[in-house]
Amino acid sequence: MALEEQQRVSPAPLTESLDSVRTERSESSSQHEESPTAERRQFIIIPEEHQRKAPPSNFNLHPYTRPLTVSDLDSCVALENAAFTNPGERATREKASYLGKEIAFGMSTYRLSRCGELCLGIFCTIVPGSGINAETLATGKPVETSRRNGAISVLLGHVVAAKTNDPVASDESMGVPENWDSPHPKASNLGHQEAGRTIVVHSVAILPAFQGRGLGRVLMMAYMQQMNGAGIADRLALIAHDHKMAWYEKLGFTNKGNSKAQFGGGGWYDLVFELKALEPRAAYG
């Protein structure tokens with residue numbers, strides 16, 4: 001093929017695979033001799049449907065946080081499926097509905113239940129058809145019914161948590177009582193313990209396409225500030241794999257060593273953030 005013809009052909013987009021970078025001996029010596037240890041990167045073509053698509057560069061995020069409610073259930077499940085590649089680490093619909101039904105039947109349908117106020121979501125407003133691809137777009141809710149552009153509130157990330165009597169996260173604290181949806185559930189050491197003084201963070205997740213923008217830090221800092229000001233617990237506890245420990249330590253969490261929790265296959269580390277005691281306030285009247 002002539003050189004001019006080669007230049008007119010549009011090559012297929014190449015995406016570097018993180019697992020395909022290797023060092024090998026160059027086989028070409030027609031132009032010049034290369035070092036035996038010369039590095040050459042190998043590229044593979046990733047189908048378009050499997051490529052991670054980030055939001056357009058001109059898309060400005062205006063995120064905001066609010067407590068999660070039962071109406072966010074489908075969005076939370078979609079977020080978990082997108083953010084966690086290991087199904088064993090996801091908050092399934094059954095586990096997520098444990099949160100949702102407590103909200104619906106706990107105190108009243110108009111008030112947050114004892115577990116719902118421990119869960120926080122980070123959202124942004126998106127106009128459908130604006131080119132923003134998010135796994136939670138289909139489950140978003142209208143911002144205002146009177147908006148002509150049909151803008152919806154879309155979940156980008158969340159923190160899901162419950163209380164426990166233990167000082168660190170455990171399999172029991174992340175469990176779900178078998179009779180949780182019964183009109184008269186029996187006492188159980190599984191799941192949320194209202195009198196507990198430790199808030200166990202079950203899930204911290206951000207949609208893959210929106211990672212790398214600092215949303216995880218914004219979400220966690222907002223959550224830690226709210227829980228610290230609420231005065232309802234003494235500490236936050238969670239489990240994390242070794243490659244995530246540094247991120248949590250920068251937020252102020254302390255590594256407590258190997259965790260006994262076997263959730264999702266085990267191999268976790270316990271991390272704890274000690275909440276500050278509320279300062280005495282002057283009483284008036």
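The values are calculated or read from the model by the stated rules, or taken from the named source; none is laboratory data. Since the structure is predicted, the reported quantities are computational estimates derived from the model, not experimental observations. Glycine also receives a Cβ, built like all others from the backbone with ideal geometry; neighbour counts cover every protein chain displayed. Note: accessible area is taken over every heavy atom of the protein model, side chains too, but ligands, DNA and RNA are not part of it. Shrake-Rupley method; radii C 1.70, N 1.55, O 1.52, S 1.80 Å.
For Val218, state whether it is open to solvent by 20 Å² or more (accessible area, probe 1.4 Å), aliphatic (A, V, I, L, M) and modelled with pLDDT of 95 or more. Considered against the rule, which asks whether it is open to solvent by 20 Å² or more (accessible area, probe 1.4 Å), aliphatic (A, V, I, L, M) and modelled with pLDDT of 95 or more, Val218 comes out as yes. I'd like the full set of residues that are at pLDDT 85 or above and open to solvent by less than 10 Å² (accessible area, probe 1.4 Å), limited to segment 104-131. Selection gives Leu118, Cys119, Leu120, Gly121, Ile122, Phe123, Cys124, Ile126. Restricting the first member to segment 204-215 and to residues that are within 21 Å of Cys119 (Cβ to Cβ) and open to solvent by less than 20 Å² (accessible area, probe 1.4 Å), and the second to residues that are hydroxyl-bearing (Ser, Thr, Tyr) and not in a strand (DSSP E or B), no beta-carbon pair is closer than 6 Å while six or more apart or on different chains. Of all the residues in segment 252-270, those that are in contact with a strand residue (DSSP E or B) (Cβ under 8 Å, 6 or more places away or on another chain) and either outside any loop (DSSP other than H, G, I, E, B) or loosely packed, with under 15 Cβ neighbours inside 10 Å (or both) number 9. Considering only segment 178-203, state which residues are loosely packed, with under 15 Cβ neighbours inside 10 Å, within 19 Å of Leu236 (Cβ to Cβ) and either touching a helix residue (DSSP H, G or I) at 6+ places or on another chain (Cβ under 7 Å) or of a type in the set (D, E, K, R) (or both). The one that is loosely packed, with under 15 Cβ neighbours inside 10 Å, within 19 Å of Leu236 (Cβ to Cβ) and either touching a helix residue (DSSP H, G or I) at 6+ places or on another chain (Cβ under 7 Å) or of a type in the set (D, E, K, R) (or both): Glu194. List, please: which pairs have Cβ atoms under 6 Å, are six or more places apart or on different chains, and start with a residue in segment 230-259 that is at negative phi and end with one that is among the acidic types (Asp, Glu)? That search, which allows pairs on different chains as well, returns Arg235/Glu274; Lys256/Asp270; Ser259/Asp270.
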